[in-house]
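Single-structure report; data block below.
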Amino acid sequence: MLRVEAPGGRSHDVSDSLCQRTATELAALLRAREVSAREVMRAHLDRIERLNPKVNAVVSLDPEGALTGAAAADERLASGAAVGPLHGLPMAHKDTHDTAGLRTTYGSPLLADNVPVQDELVVERLKAAGAVTMGKTNVPEFAAGSHTFNPVFGTTANPYAPDRSAGGSSGGAAASLACRMQPLADGSDMGGSLRNPASFNNVVGLRPAPGRVPTWPDAAAWSTLSVQGPMARTVADVALMLSAIAGPDDRSPISIDEPGSVFREPLEADLRGLRVAFSLDLGGDLVVDPQVRSVLEPAARVLTEIGGAVDEAWPDLTGADEVFRTLRAWQFELMLGELRDAHPDRIKPSLRDNIDAGRALTGADVGRAERLHTELYHRVREFFTRYDVLALPVSQVPPFDIDLEFPTEIGGVAMPSYLDWMRSAYWISATGCPAISVPAGFTPEGLPVGLQLVGPHRSEQRLLRIAHAFEQATRHAEVLPPL
């Protein structure tokens with residue numbers, strides 16, 4: 001059995017060798033008892049101690065609870081009891097996901113001391129699969145926006161360039177993965193919160209179809225706008241985690257009946273004849289930074305090499321902007337309206353504006369958005385009868401200056417709000433299609449850029465196989481941050 005010395009006498013080389021392993025590799029080592037959960041946990045806690053001060057990705061760390069949980073995992077395996085697919089893997093959960101007995105702040109000073117009494121469903125499933133909780137990952141205030149900063153814990157820096165944003169809202173999750181401070185991370189995605197930070201941090205983030213990963217408790221249980229999902233350093237690890245958190249649950253009225261175990265099937269596939277629609281700007285509807293264009297242009301050739309027939313094509317996303325902004329404002333008012341009234345000066349202005357926009361909506365506004373949403377669904381459904389996958393940018397910009405709240409312009413075109421620069425992600429959210437961010441290369445400054453692959457409704461398995469083939473052909477995910 002591989003042994004790692006206890007804290008104080010540990011070799012960083014041996015410790016780091018465990019942290020460099022993928023989740024799939026670590027899970028196999030743990031199940032074979034070639035390494036213990038305590039050794040794996042100590043290695044990751046040591047790496048957090050050394051690297052987290054540089055990026056501020058992991059918050060509310062609980063080393064004592066983590067080591068106790070790891071010891072319990074070792075005892076369970078030694079007893080001969082059945083163990084789950086994530087047995088012994090360390091995890092810090094997104095700080096908007098409730099964790100029983102562990103502080104969950106939502107990045108808000110209003111909840112700085114909030115300690116939930118129960119786990120929400122995604123955490124419940126991860127623990128049932130054997131993951132061991134060690135802390136939380138940093139988020140923007142109430143997960144609003146794709147730049148991770150808040151008044152409770154501060155700003156999360158990009159591991160590839162600490163003067164740049166790590167994205168958001170799962171920014172702490174993505175940065176911790178890039179730093180090898182944890183092998184898997186949970187996240188959520190309304191307008192790109194699993195995909196944008198994955199792109200910015202050279203990791204993989206999957207926005208599943210609504211209902212694939214059921215959510216509970218959820219005040220907007222029928223909504224399809226916000227989903228939860230997996231993030232990891234490889235597509236295989238994303239599939240492994242999805243196998244643990246997907247599957248039906250009657251507490252979610254939109255949960256999909258298919259069991260999560262289907263995502264443990266092999267990812268290798270014959271992709272000859274794959275029909276690929278490729279567009280860098282959706283026919284000119286998106287303003288895209290020239291550096292992002294330059295990095296992503298070779299992706300068309302790669303998709304051809306793995307078997308695809310690539311056309312320059314895109315779906316008609318007319319109305320997607322209105323659909324997303326209307327339903328998002330309505331949902332923010334639903335979720336946060338009471339807090340806004342009780343503490344108007346303790347919620348960041350951009351979030352307060354979104355809540356107020358939700359209050360200003362009329363029944364006719366919401367009805368129009370629902371009609372446009374239905375029309376959008378059918379146009380995209382028909383588009384995917386001609387194509388198997390759509391490839392486009394995850395983000396319209398590379399990681400931006402950490403001191404900005406959001407990019408205020410792209411290529412000289414003004415971006416008036418903190419949503420405008422994210423259209424390439426949130427327009428896809430409005431379609432309800434699964435979408436994945438996979439590492440696609442780097443700008444001349446060494447900043448990561450991700451490729452977004454979008455599949456037909458509920459096509460996660462095929463999408464994972466396409467992303468895996470792209471990943472294996474390019475190997476961009478193997479480029480480590482210079483920490």
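A residue that is touching a residue at least 24 places away in the same chain (Cβ under 8 Å), under 30 Å from Pro407 (Cα atoms), part of a strand (DSSP E or B) and among the hydroxyl-bearing types (Ser, Thr, Tyr) occurs somewhere in the stretch 137-150.
If you filter the stretch 261-271 down to residues that are in contact (Cβ under 8 Å) with a residue 40 or more places away in the chain and either open to solvent by less than 80 Å² (accessible area, probe 1.4 Å) or among the small types (Gly, Ala, Ser) (or both), you find that the one that is farthest from Ala131 (Cα to Cα) is Leu271. When the residues of the stretch 364-410 are filtered to those that are farther than 30 Å from Asn150 by Cα and aromatic (Phe, Trp, Tyr), the one that is surrounded by the most Cβ atoms within 10 Å (Cβ to Cβ) is Tyr387. Residue pairs whose Cβ atoms lie under 8 Å apart, separated by 6 or more positions or on different chains, with the first residue in the stretch 413-426 and over 17 Å from Phe200 (Cβ atoms) and open to solvent by 10 Å² or more (accessible area, probe 1.4 Å) and the second part of a helix (DSSP H, G or I) and of a type in the set (Ser, Thr, Tyr), are Ser417/Ser350. For the stretch 94-108, the candidate set comprises residues that are more than 18 Å from the chain's Cα centre (by Cα) and open to solvent by 10 Å² or more (accessible area, probe 1.4 Å); within that set, the residue that is farthest from Asp62 (Cα to Cα) is Ala100. Of the residues making up the stretch 450-468, just one is under 14 Å from Val438 (Cβ atoms) and either free of Cβ contacts under 8 Å to residues at least 24 places away in the same chain or part of a loop (DSSP other than H, G, I, E, B) (or both), namely Gly455.
It is to be established whether one or more residues within the stretch 297-306 are within 30 Å of Asp420 (Cα to Cα) and without any contact (Cβ under 8 Å) to a residue 12 or more places away in the chain.
Scanning the stretch 297-306 turns up at least one residue that is within 30 Å of Asp420 (Cα to Cα) and without any contact (Cβ under 8 Å) to a residue 12 or more places away in the chain.
Only one entry in Ser255, Ser199, Ser243 is more than 16 Å from the chain's Cα centre (by Cα) and more than 16 Å from Pro140 (Cβ to Cβ), namely Ser255. Just the residues that are in contact with a Ser or Thr (Cβ under 8 Å, 6 or more places away or on another chain) and part of a loop (DSSP other than H, G, I, E, B), please, taken from the stretch 36-55. Matches in the stretch 36-55: none. Total residues in the stretch 170-218 satisfying the condition of being assigned to a loop (DSSP other than H, G, I, E, B) and either in contact with a Phe, Trp or Tyr (Cβ under 8 Å, 6 or more places away or on another chain) or among the hydrophobic types (A, V, I, L, M, F, W, C) (or both): the figure is 11. The set of residues in the stretch 317-352 that are open to solvent by 80 Å² or more (accessible area, probe 1.4 Å) and at pLDDT 95 or above comprises Thr318, Trp330, Met335, Glu338, Asp341. For the stretch 330-353, residues that are closer than 16 Å to Asn150 by Cβ, part of a helix (DSSP H, G or I) and in contact (Cβ under 8 Å) with a residue 40 or more places away in the chain total 5. The set of residues in the stretch 29-42 being without any contact (Cβ under 8 Å) to a residue 60 or more places away in the chain and within 24 Å of the chain's Cα centre (by Cα) consists of Val40 alone. Scan the stretch 234-260 residue by residue and report those that are open to solvent by less than 10 Å² (accessible area, probe 1.4 Å) and charged (D, E, K, R). Of everything in the stretch 234-260, just one residue is open to solvent by less than 10 Å² (accessible area, probe 1.4 Å) and charged (D, E, K, R), namely Asp237.
Which residues, taken from the stretch 406-417, are part of a loop (DSSP other than H, G, I, E, B) and under 21 Å from Pro448 (Cβ atoms)?
Of everything in the stretch 406-417, those that are part of a loop (DSSP other than H, G, I, E, B) and under 21 Å from Pro448 (Cβ atoms) turn out to be Phe406, Pro407, Gly411, Met415.
Taking the criterion of being open to solvent by 30 Å² or more (accessible area, probe 1.4 Å), in contact (Cβ under 8 Å) with a residue 24 or more places away in the chain and outside any helix (DSSP H, G or I), the residues of the stretch 56-82 that qualify are Asn56, Leu61, Asp62. Given Pro159, Pro214, Pro116, which one is surrounded by fewer than 24 Cβ atoms within 10 Å (Cβ to Cβ), more than 15 Å from the chain's Cα centre (by Cα) and modelled with pLDDT of 95 or more? Exactly one residue qualifies, and that residue is Pro116. For the stretch 121-152, a residue qualifies if it is open to solvent by less than 10 Å² (accessible area, probe 1.4 Å), closer than 24 Å to Pro253 by Cβ and within 14 Å of the chain's Cα centre (by Cα), and exactly one does: Val122.
Within the stretch 308-352, being of a type in the set (S, T, N, Q) and out of contact with any Ser or Thr (no Cβ under 8 Å at 6 or more places or on another chain) holds for Thr318, Thr326. Taken together, the criteria place Arg386 among residues that are over 25 Å from the mean Cα position of the chain (by Cα), touching a residue at least 24 places away in the same chain (Cβ under 8 Å) and closer than 29 Å to Thr304 by Cα.
The values are calculated or read from the model by the stated rules, or taken from the named source; none is laboratory data. From a predicted model like this one, the values you see are computed outputs, not experimental measurements. Please note: Cβ atoms are built from the backbone with ideal geometry, for glycine as well, and neighbour counts cover all protein chains shown. In case anyone asks, the SASA skips ligands and DNA or RNA and just uses the protein heavy atoms, side chains included. Shrake-Rupley method; radii C 1.70, N 1.55, O 1.52, S 1.80 Å.
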